[in-house]
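First the structure, in the form of structure tokens, and then the observations on it.
The values are calculated or read from the model by the stated rules, or taken from the named source; none is laboratory data. Source: prediction; values computed, not measured. Every residue, glycine among them, receives a Cβ derived from its backbone with ideal geometry; neighbour counts consider all protein chains shown.
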Amino acid sequence: MRPLKLVPADTKISFIKLHKFSFVLSAVVLVISISLFLIAGLNFGIDFRGGTLIEIQTKGDADIPKLRSQLGGLGLGDVQIQEFGAANEVLIRIEQQAGGEDKQQNAIAKVKESLGETVEYRRVEVVGPKVSGELIQSGIIAVVVAILAVLIYIWFRFEWQFSVGAVLALVHDVFITIGLFSALQLEFNLSIIAALLTIVGYSLNDTVVVFDRIRENLRKYKKMQLEELLDLSINDTLSRTVLTSVTTMIALLALYVFGGEVIRGFTFAMIWGVVIGTYSSIFIASPLLLKLGVKREWGRVGPSSSQSAS
């Protein structure tokens, strides 16, 4: 058995020479992402907007135009109807009704009365405005706390330059992912918050592997130019980075294609997260060390605690 290598072990790619281009590219994409978020906003799901979600299964293939016409005349405001997986599975979203919980239940009763006994009700969920507001706040807090925890962790494990570089790369990944959801107007719900936190963890893991090799090489090559040392460290870990990304991507693509509509948004966010996380660990986090000025004498202190990762 030979070890699987998607990248040759002796690559000598000059990643750091591309840092000016990658910084400009990321800055442009970040500005576009933030602008899209401020102008178009996010397509919040029931979790964040409040309202009623009803999942039904019809006896034959669902007639979506007929259902839209049938439910659109009930006076319930914005009613969204879409296929949800199989051709006979339908997801109905009804906007938040003014007047409290009783009005939400009345809306559900109207829908059931209109559809009659021709469908099977598989799921009915009601999210009130207070709960949806709390969920938005909790989601933002979760992402911010995760990034602050990363800042503290990397600061203690490495040095402040590494910490700032890792956090800026994570913020870069999160904002661009949000910008993508704003551009495509994909539904943004609690599962996407979970995906964002997972992206933070994945990107951090990738970045720490590269940082560990940089720290090791700082001790090993005390007179090597920092730019050359950063290139060496990235190339040393490139095989591991690519192999991890490809194997993760294979699993996520399988989930996206065969996992059904319920987890499609989550898997899409994760697929994008693997791409942007790999990019940022190589082209953002590591080159930032060059700009922040890593102390060379720091690399001479203490025994090496990093492990080989190739």
Only unsatisfied item for residue 92, checking (1) within 24 Å of residue 135 (Cα to Cα); (2) assigned to a helix (DSSP H, G or I); (3) outside the structural domain of residue 174 (by TED's automatic domain parsing), is (2)
Mind telling me which of the residues 95, 113, 55, 120 ends up being surrounded by 15 or more Cβ atoms within 10 Å (Cβ to Cβ), among the charged types (D, E, K, R) and at pLDDT 80 or above?
55
With respect to residue 285, determine if the residue is within 28 Å of the chain's Cα centre (by Cα), in a helix (DSSP H, G or I), modelled with pLDDT of 90 or more and among the small types (Gly, Ala, Ser).
no
Would you check if there is a residue in region 16-34 being surrounded by 12 or more Cβ atoms within 10 Å (Cβ to Cβ), modelled with pLDDT of 80 or more and touching a strand residue (DSSP E or B) at 6+ places or on another chain (Cβ under 8 Å)?
no
Within region 147-158, does at least one residue satisfy the condition of being within 18 Å of the chain's Cα centre (by Cα), among the hydrophobic types (A, V, I, L, M, F, W, C) and surrounded by 15 or more Cβ atoms within 10 Å (Cβ to Cβ)?
yes
Odd one out for residue 139 among (1) surrounded by 14 or more Cβ atoms within 10 Å (Cβ to Cβ); (2) among the small types (Gly, Ala, Ser); (3) within 15 Å of residue 204 (Cα to Cα)
(3)
Restricting region 35-51 to residues that are out of contact with any Asp or Glu (no Cβ under 7 Å at 6 or more places or on another chain) and outside any helix (DSSP H, G or I), which is modelled with the lowest pLDDT?
50
Any chance region 182-197 includes a residue that's closer than 30 Å to residue 135 by Cα, polar (S, T, N, Q), part of a helix (DSSP H, G or I) and modelled with pLDDT under 85?
yes
Residue check for residue 255: assigned to a helix (DSSP H, G or I), surrounded by fewer than 21 Cβ atoms within 10 Å (Cβ to Cβ) and under 17 Å from the mean Cα position of the chain (by Cα)
yes
